Amino acid sequence: MSELSTRHKHAIGISLVIADSFFFSLMTLFVRLSGDIPTMQKCFFRNAFAAVIAIIALARTDEKFHIKKGSLPGLFARSISGGLGMILNFYAIDRIGLADANILNKMSPFFAIIASIFILKEIPKKADWIAVIIAFVGAVFIIKPSANITSLYALAGLLGGLGAGIAYTFVRKLGQQGERGPVIVAFFSIFTCCLCLPSMIADFHPMSALQWLFLILAGLAAAGGQFTVTAAYKYAPAKNISVFDYSQVIFASIWGALVFDELPDYLSVIGYVIVISCAVGRWLYLMKSED
């Protein structure tokens, strides 16, 4: 990786982030299509299939299942924050529009700015803080705070973005420490399975063949997304490439419209525009300041 120029690394990172967005948009689609199954059950099987793929990938490497010294604290922190974030995201996916759930989850880069202060000791610039504030204004338009239960579902989606933002910051830290991507993916998937297992056993719902198929597809798509996003943040800092992760909202909007006849209301659209414009504006500012 050291032989590549910075711009080349960024180009690879951007391509991987867009690929990760496509895979994760498919995951949310298949999770919704799997129907009326408890959230913890969906999370378990989504991670179980991804874990199998990650374990097979690790078994084919020279280092096998070796974890680098000093990586365990980061792996646990990434898995706890990411696992809880995923549960909340899945909960929201089943209860609000697909595009809304995706854009709220994509608040993660702004949460990552805050998390980086404590995890990576990176001090945000004034522009970063302005971006965070504007992004949260956009989130308010999407959540539409009220006594309506839908607002609580949307809030769960936002908290899912918080978990994802913390998790991605730990992914970046683990990458800096030289930990392998398949190790990070496998550890997270196995940990989240263990996290969901007790609840799933207590409230297991039998599944049809079609539901099994959709959850298998969700797991395959998630594995593709995890491998690509893990690789992406090893090539470049999140602040330089994470804006392209918002392409997931475009993919999710397409799936929502084509499959579920979902069209976001005007307040949500305003929120999308604010959040995405803020992300793009911040990215352009960062790129200009680095030239």
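List of remarks:
- Taking a ≥ b ≥ c as the square roots of the eigenvalues of the Cα gyration tensor, the stretch 182-291 is classed as oblate, since a/c reaches at least 1.5 and a/b does not exceed b/c.
- Measuring spread by the Cα atoms of the stretch 1-86 yields a radius of gyration and Dmax of 16.5, 50 Å.
- Additional length obtainable on full extension of the chain from residue 273 to residue 118, 0.36 nm per residue less Cα span: 52.9 nm
- Span-like helix check, the chain: qualifying full DSSP H segments, with Cα axial length of 20 Å or more and mean Kyte-Doolittle of 0.5 or more, are 6-33, 39-59, 72-93, 126-143, 149-176, 181-202, 209-235, 266-290.
- Computed helical MRE - 222 nm, the chain, DSSP H runs ≥ 4 contributing -39500 (n - 2.57), nearest 500: -27000 deg cm²/dmol
- Out-of-range pairs (alpha-carbon distance over 28 Å; input 9/173; 68/121; 68/288; 9/69): 68/288
- Estimated at the nearest 10 Å², the accessible area of residue 10 is 30 Å² with a 1.4 Å probe.
- The overall shape of the chain, judged from the alpha-carbon gyration tensor, is oblate: a/c is not under 1.5, and a/b is no greater than b/c.
- Residues of the chain were split at every exposed loop site, defined as chymotrypsin sites (Phe, Trp or Tyr not before Pro) in a DSSP loop with at most 14 other C-beta atoms within 10 angstrom, and the longest piece left, sites excluded, is 66-203.
The values are calculated or read from the model by the stated rules, or taken from the named source; none is laboratory data. What you are looking at is a predicted structure, and each value in this text was computed from that prediction instead of being measured. No Cβ is skipped: glycine too gets one built from the backbone with ideal geometry, and neighbour counts run over all protein chains shown. Note: areas computed on protein heavy atoms with side chains; ligands, DNA, RNA excluded. Shrake-Rupley method; radii C 1.70, N 1.55, O 1.52, S 1.80 Å.
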